[in-house]
Amino acid sequence: MDTTTNNKKPTSAELLAERVLGHVLEHNLEIGAHIKETEFASVLKVSRTPIRNAFLHLQQNGFLVKKPNQGFFLAKVPEQTQAAQLSSHDSEATDLSPLCYAIGQDYLSGTLKKSFTENELISRYQQSRKSIQEALIAMEKDGWLQRNIGYGWEFNEFISSPTAYAQSYRFRQLIEPEAIRDPSFVIEPTRLQMLRMSQIDILNNKQKLVSAADMFNAGVLFHETIVGMSNNVFLLDALKRVNRLRRLVEYNVNGKRPVPRKECEEHLVLIGLIEEGKLTEAASFLEKHLSRTAKEKEEIAQGLFG
């Protein structure tokens, strides 16, 4: 699938299709594998409408086949030489396991102590030592907890600190607007259009069935994409680290609020300002947007932290 013919810029569906193929290669999926919309929407941090458009594009190019009442299946695997390019955006798109969230949720609710041992978790969750160890390593990588010197594990202060949660938003207010002001910031219309589709899809969800995870992932995708256009790897890496740290708390906060219509509407305004090249105005708008969102979420988070 060549999206560079005649120097034509790829559409949002083509960009997302490449990321789908990258995931196929990275995980060695075989021909005939069931390619599910819900799974790829979660993995790639977008809503189902953009994923569906990407699947249709892949179907047109022979990579997927659609079976009546069954969905999409892998019909052709791209050349392995394309793997590095296609999977470059997916290396950090993996999510934590349900066990990780169960452990974190129990700590947040006060039913699990700040410090604990592997044996305590094995008994509590009736899981194998290997499963517990894998969950702990993943949580350590995301910064949720750390090993105690000599024995056991301990949750980091951020997971249950209202002060740290507020500071995370203050930090974002410092770096995200500056990313737009960065001299190396490049406006990328196709990526902005993909973000617009995702936001509109959430706004059009009349049943309000958007899960807390979907709300968080859509927000992460939006803000990391905007910061990524700065081409400043330090700003983007800093934002990704903060997003990993705040994920557990954000899931709980989002679970206690309706579909964030105002948030999505403000995202669309920001996209428009960037597309028009009004970067100074866009940076100021983003700072105000983060300030308003922080105030709303911090009020909800206070109830979580007790």
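Laboratory data are not the source of any read-out in this text; all were calculated from the coordinates shown. These numbers come from a predicted model, not from an experiment. When we count neighbours, we look across all protein chains shown, and the Cβ atoms used for this are built from the backbone with ideal geometry, even at glycine.
Mind giving me the FRET efficiency for residue 28 and residue 241? R0 is 30 Å, r the Cβ-Cβ distance, nearest 0.05 is fine.
It comes out at approximately 0.55.
Going by amide H atoms built from the backbone, whose H comes under 5 Å of the H on residue 35, apart from near neighbours?
For residue 35, the qualifying residues are 72, 73, 74.
Between residue 141 and residue 299, how many nm apart are label points set 7 Å from Cα along the C-beta direction?
With each label point 7 Å from Cα toward Cβ, the separation is 3.8 nm.
Taking 0.36 nm per residue of separation and subtracting the Cα-Cα distance, what length does fully extending residue 269 through residue 69 add?
So the extension gain works out to 68.2 nm.
If you take the Cα Rg of the range 98-159 and divide it by 2.2 N^0.38 Å, with N the number of residues, what do you get?
0.99
Output the Kirkwood hydrodynamic radius of the range 221-301, Cα pairs only, in Å rounded to one decimal.
Answer for the range 221-301: a Kirkwood hydrodynamic radius of 13.8 Å.
Rounded, prolate or oblate: pick one for the range 161-305, where a ≥ b ≥ c are the square roots of the eigenvalues of its C-alpha gyration tensor, a/c under 1.5 means rounded, and failing that, prolate if a/b is larger than b/c, else oblate.
Oblate, since a/c reaches 1.5 and b/c is not below a/b.
In whole Hz, what ³J(HN,Hα) sequence does the range 280-297 give by Karplus (6.51, -1.76, 1.60; θ = phi - 60°), x for Gly and Pro?
4, 5, 5, 5, 5, 5, 5, 4, 5, 4, 5, 5, 5, 4, 4, 4, 5, 6
Between residue 97 and residue 280, what length in nm is gained on full extension when 0.36 nm per residue of separation is reduced by their alpha carbon distance?
61.9 nm
So how strong a dipole does the range 98-159 carry about its Cα centre when Lys and Arg Cβ are +1 and Asp and Glu Cβ are -1, to the nearest 20 debye?
In debye, rounded to 20, the range 98-159 gives about 140.
Could you give each residue of the range 58-64 its phi-based ³J(HN,Hα) in whole Hz, using Karplus coefficients 6.51, -1.76, 1.60 with θ = phi - 60°, and x for Gly or Pro?
Once θ is set to phi - 60°, the couplings for the range 58-64 become 5, 5, 5, 9, x, 7, 10 Hz.
When only DSSP loop residues count, what trypsin sites (Lys or Arg not before Pro) in the range 231-265 have their Cβ near at most 14 other Cβ atoms within 10 Å?
Of the trypsin sites (Lys or Arg not before Pro), the ones in loops of the range 231-265 whose Cβ has at most 14 other Cβ atoms within 10 Å are 256.
Which FRET efficiency value, to the nearest 0.05, is calculated for residue 133 and residue 161 with the Förster distance at 22 angstrom and r the Cβ-Cβ distance?
0.25
Filter 114/141; 130/240; 36/76; 113/297; 36/141; 141/262 down to the pairs with a C-alpha to C-alpha distance above 23 Å, please.
Flagged as over cut-off: 130/240; 113/297; 36/141; 141/262.
Return the distance in nm (one decimal) between the two label points of a simple spin-label model at residue 76 and residue 190, each offset 7 Å from Cα along Cα→Cβ.
Label-label distance for residue 76 and residue 190, simple model: 1.9 nm.
Over the range 161-305, calculate the relative contact order: mean separation of alpha carbon pairs under 8 Å at least 6 apart, over the residue count, as a percent.
Once normalised by length, the contact order is 43 percent.
Relative to a virtual label point 7 Å from the Cα of residue 231 in the Cα→beta-carbon direction, which members of the range 167-202 show backbone nitrogen distances below 20 Å?
176-193, by backbone N distance to the label point.
Residue 256 to residue 106: FRET efficiency via 1/(1 + (r/R0)^6), r the Cβ-Cβ distance, R0 30 Å, to the nearest 0.05?
0.95
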